[in-house]
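Taking it in order: structure first as structure tokens, then the write-up.
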Amino acid sequence: MSADSRIAAITARIVERSKPFREPYLERVRNAAAKGVHRSVLGCGNLAHGFAVCSPSEKVALSGDTVPNLGIITSYNDMLSAHQPFETYPALIREAAHEAGGIAQVAGGVPAMCDGVTQGQPGMELSLFSRDLIAMAAGVGLSHNMFDSTVYLGVCDKIVPGLMIAAMTFGHLPAVFIPAGPMTSGLPNDEKSRVRQLFAEGKVGRDELLEAESKSYHGPGTCTFYGTANSNQMLMEIMGFHLPGASFINPGTPLRDALTREATKRALAITALGNEFTPAGEMIDERSIVNGVVGLHATGGSTNHTMHLVAMARAAGIALTWQDISELSDIIPLLARVYPNGLADVNHFHAAGGMGYLIGQLLKKGLLHGDVRTVFGQGLDAYAIDVKLGANGAVHREPAPEQSHDPKVLATIEHPFQPSGGLKMLTGNLGKAVIKISAVKPERHVIEAPAKIFHDQSELQAAFKQGKLEGDFIAVVRFQGPKANGMPELHKLTTVLGILQDRGQTVALVTDGRMSGASGKVPSAIHMTPEAKEGGPIARIREGDVIRLDAIHGTIQLLVDAAELESRAPAEADLSQNEFGMGREMFAPFRAAVGAAEHGASVFFQ
């Protein structure tokens with residue numbers, strides 16, 4: 001089935017807008033690919049360094065240009081649950097490569113930080129910038145020019161977007177993304193949140209809180225809620241970078257290892273040495289990016305991707321905008337209820353039918369571009385499958401179920417959970433912002449209340465503990481943008497504002513910072529741009545000003561006279577405490593060079 005006419009029209013608009021960037025990008029990719037297998041251009045000394053630690057037979061193979069060499073970019077570290085499983089992947093990949101007649105080398109490692117560890121801490125101010133740093137680190141590894149194809153080992157928040165930016169920058173090389181999968185289900189996410197709220201109210205102690213958190217985050221794999229990390233996995237599959245069915249298989253299982261072996265062999269099969277050459281930069285196009293946005297809306301995915309997808313697309317010469325994302329939200333129904341948009345976790349999502357069922361439902365109504373290229377071949381139909389371990393230990397696929405195994409978790413396309421997606425753009429005299437409404441009750445989609453102003457999330461938390469947050473209000477937490485302090489997630493505010501909302505107060509948040517991909521029930525206008533550090537209108541809000549947040553009509557208005565607003569001097573904040581400590585001084589060049597949130601909050605694209 002061809003794509004829905006509305007989706008086709010938005011895609012055509014993106015294609016037209018992207019021409020000044022996409023056409024030169026494709027020319028660069030094709031010029032690089034035309035140079036052939038790249039070891040042939042290396043001098044003997046260069047090549048000797050490149051295979052010095054290889055076996056004698058591998059050295060012979062790499063001396064010529066007929067045996068494919070697979071470059072592994074890994075985000076392994078053994079502190080983070082999501083990335084710890086990657087410890088054993090290089091050995092498995094090398095073995096599978098040898099079986100396929102190729103060679104594999106770890107080309108380089110990239111940093112991987114955990115927002116869960118750094119929430120509310122100084123290190124969080126490095127988090128967003130780590131995405132671009134990851135792209136650069138991957139680029140360093142691939143700059144040795146020793147590889148015919150690449151596999152990227154990454155899972156979490158900034159890691160996958162950073163790796164994709166690198167994959168597009170080295171777009172003349174094929175690229176396959178290999179995930180590690182989610183940890184098994186532990187303490188339910190809603191129970192964890194309940195204990196957090198009790199702790200914030202002083203009703204339970206630290207021991208009880210730590211016990212709940214440890215039962216939730218308890219083993220190897222991705223956290224089980226549907227935040228940015230699991231949104232990443234959804235994106236890589238629906239955009240064709242994963243092999244079909246690969247995203248949500250638990251670590252340490254035979255099927256997980258079988259999928260990794262299969263991905264390795266596929267990455268070698270699509271090099272320029274074979275008959276299915278699939279350079280990543282040509283494989284991904286405007287249709288692929290639109291498919292990613294569609295998947296984000298259909299699953300109620302992370303708000304962080306309103307920035308990441310813009311930057312990822314731009315790395316491929318594609319100009320995606322917040323307006324495109326917002327308009328697609330009006331078309332795409334919500335088909336998944338996964339925490340924080342429901343009680344299920346990603347393991348329940350997978351058991352209910354997972355990505356194969358979701359893709360099949362969207363294709364049924366033409367809500368995806370089905371005719372895209374993927375690392376698996378041509379067309380998304382091949383992804384509407386259920387993946388299992390075959391009797392011979394190989395990956396076996398069969399058509400995805402026609403019916404959801406759990407209608408409370410995955411709906412049909414005919415009867416979605418809601419008719420539109422979870423993300424909306426807000427515009428008005430305060431600028432532009434993003435709001436996630438898939439977990440916000442309809443009666444809270446419009447909030448009008450006076451402003452309470454804070455220049456740090458700790459100020460709001462202190463006011464809560466002192467009993468100063470009474471009545472209805474909209475919390476304005478400003479000077480949290482990328483230029484101010486690296487745009488940290490303000491996830492710690494979710495608990496506080498959630499408690500006040502549960503008490504019957506009407507509350508909302510307006511900020512130029514970010515919220516976690518796990519945020520949900522409190523209306524939050526985030527990523528406000530222009531940011532306060534740049535003198536944006538958010539810096540002109542005064543205590544008690546009335547703000548109207550309208551997620552139905554997509555507006556955010558400060559209810560003051562236009563001339564009055566213009567005449568106000570922007571507030572200033574002392575940001576000196578954000579410039580040093582925990583590595584923040586090293587990221588001063590990033591704060592100085594970063595672009596606006598609506599352009600991806602990147603140092604690469606302004």
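The values are calculated or read from the model by the stated rules, or taken from the named source; none is laboratory data. None of these values were measured; they are calculated from a predicted model. Heads up, the Cβs are rebuilt from the backbone with ideal geometry, glycines too, and the neighbour counts pull from every protein chain shown. We work out accessible area using only protein heavy atoms, side chains counted, and drop any ligands, DNA or RNA first. Shrake-Rupley method; radii C 1.70, N 1.55, O 1.52, S 1.80 Å.
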Exercise. So residue 187 fits all but one of (1) touching a Lys or Arg at 6+ places or on another chain (Cβ under 6 Å); (2) surrounded by fewer than 24 Cβ atoms within 10 Å (Cβ to Cβ); (3) part of a helix (DSSP H, G or I); what number is the exception?
Worked result: (3)
For this session: Filter the range 99-117 for residues that are touching a helix residue (DSSP H, G or I) at 6+ places or on another chain (Cβ under 8 Å) and in contact (Cβ under 8 Å) with a residue 60 or more places away in the chain and give the result.
Result: 99, 100, 101, 102, 104, 115
Exercise. Is the range 68-81 home to any residue that is open to solvent by less than 20 Å² (accessible area, probe 1.4 Å) and of a type in the set (Phe, Trp, Tyr)?
Worked result: no
Seminar exercise, completed: So the helices (runs of 4 or more DSSP H) completely within the range 1-67 holding 1 or more residues that are among the polar types (S, T, N, Q) and touching a residue at least 60 places away in the same chain (Cβ under 8 Å) are 5-34
Exercise. When the range 471-500 is examined, which residues are found to be of a type in the set (S, T, N, Q) and modelled with pLDDT of 95 or more?
Worked result: 480, 485
Seminar exercise, completed: Wholly inside the range 375-456, strands (runs of 3 or more DSSP E) that include 1 or more residues that are more than 25 Å from residue 267 (Cβ to Cβ), open to solvent by less than 50 Å² (accessible area, probe 1.4 Å) and touching a Phe, Trp or Tyr at 6+ places or on another chain (Cβ under 9 Å) are 423-428, 431-436, 446-454
Problem set entry | Single residue of the range 517-572 satisfying the filter (within 32 Å of the chain's Cα centre (by Cα) and acidic (Asp, Glu)) that is most open to solvent (accessible area, probe 1.4 Å) | 572
For this session: Answer yes if at least one residue in the range 128-136 is at pLDDT 95 or above, open to solvent by 20 Å² or more (accessible area, probe 1.4 Å) and among the small types (Gly, Ala, Ser), and no otherwise.
Result: no
For this session: Determine which single condition residue 597 fails, assuming it passes every other condition in (1) open to solvent by 30 Å² or more (accessible area, probe 1.4 Å); (2) at pLDDT 95 or above.
Result: (1)
Exercise. What are the pairs, 6+ residues apart or on separate chains, where a residue within the range 73-98 that is farther than 19 Å from residue 173 by Cβ and at pLDDT 95 or above has its Cβ under 6 Å from a residue that is of a type in the set (Val, Ile, Thr) and in a helix (DSSP H, G or I)?
Worked result: 92/260
Problem set entry | Top-ranked residue in the range 485-516 [being under 26 Å from the mean Cα position of the chain (by Cα) and free of Cβ contacts under 8 Å to residues at least 60 places away in the same chain; ranked as surrounded by the most Cβ atoms within 10 Å (Cβ to Cβ)] | 513
For this session: Only residues that are part of a loop (DSSP other than H, G, I, E, B), farther than 8 Å from residue 417 by Cβ and open to solvent by less than 20 Å² (accessible area, probe 1.4 Å): list them for the range 327-340, please.
Result: 332
Problem set entry | Residue within the range 249-256 that is modelled with pLDDT of 95 or more, out of contact with any helix residue (DSSP H, G or I) (no Cβ under 7 Å at 6 or more places or on another chain) and crowded, with 24+ Cβ neighbours inside 10 Å present | no
Exercise. Looking at residue 70, is it in contact with a Ser or Thr (Cβ under 7 Å, 6 or more places away or on another chain) and either polar (S, T, N, Q) or in a helix (DSSP H, G or I) (or both)?
Worked result: no
For this session: Please state which of the following conditions residue 130 fails to meet, knowing it meets all the rest: (1) in a helix (DSSP H, G or I); (2) farther than 22 Å from residue 180 by Cα.
Result: (2)
For this session: Being farther than 18 Å from residue 171 by Cβ and open to solvent by 10 Å² or more (accessible area, probe 1.4 Å) is the filter here, so list the residues in the range 275-302 that pass it.
Result: 275
For this session: Working only within the range 211-227, note down all residues that are in a helix (DSSP H, G or I) and under 19 Å from residue 250 (Cα atoms).
Result: 214, 215, 216
Exercise. Does residue 208 meet the test of being in a helix (DSSP H, G or I), open to solvent by 40 Å² or more (accessible area, probe 1.4 Å) and under 22 Å from residue 74 (Cα atoms)?
Worked result: no
For this session: Check off (1) among the small types (Gly, Ala, Ser); (2) open to solvent by less than 20 Å² (accessible area, probe 1.4 Å); (3) in contact with a strand residue (DSSP E or B) (Cβ under 7 Å, 6 or more places away or on another chain) for residue 61 and give me the number that stays unchecked.
Result: (2)
Problem set entry | the range 486-530, residues that are within 20 Å of residue 431 (Cβ to Cβ), in a loop (DSSP other than H, G, I, E, B) and hydrophobic (A, V, I, L, M, F, W, C) | 487, 490, 515
Exercise. Which ones in the range 457-470 are assigned to a loop (DSSP other than H, G, I, E, B) and open to solvent by 50 Å² or more (accessible area, probe 1.4 Å)?
Worked result: 466, 468, 470
For this session: All but one of (1) surrounded by 15 or more Cβ atoms within 10 Å (Cβ to Cβ); (2) under 27 Å from residue 188 (Cα atoms); (3) not polar (S, T, N, Q) hold for residue 372, so report the exception by its number.
Result: (2)
Exercise. Quick one: how many residues across the range 531-565 are part of a helix (DSSP H, G or I) and under 18 Å from residue 475 (Cβ atoms)?
Worked result: 5
Problem set entry | Candidate set from the range 98-123 (those that are more than 28 Å from residue 230 (Cβ to Cβ) and aliphatic (A, V, I, L, M)); member that is most open to solvent (accessible area, probe 1.4 Å) | 100
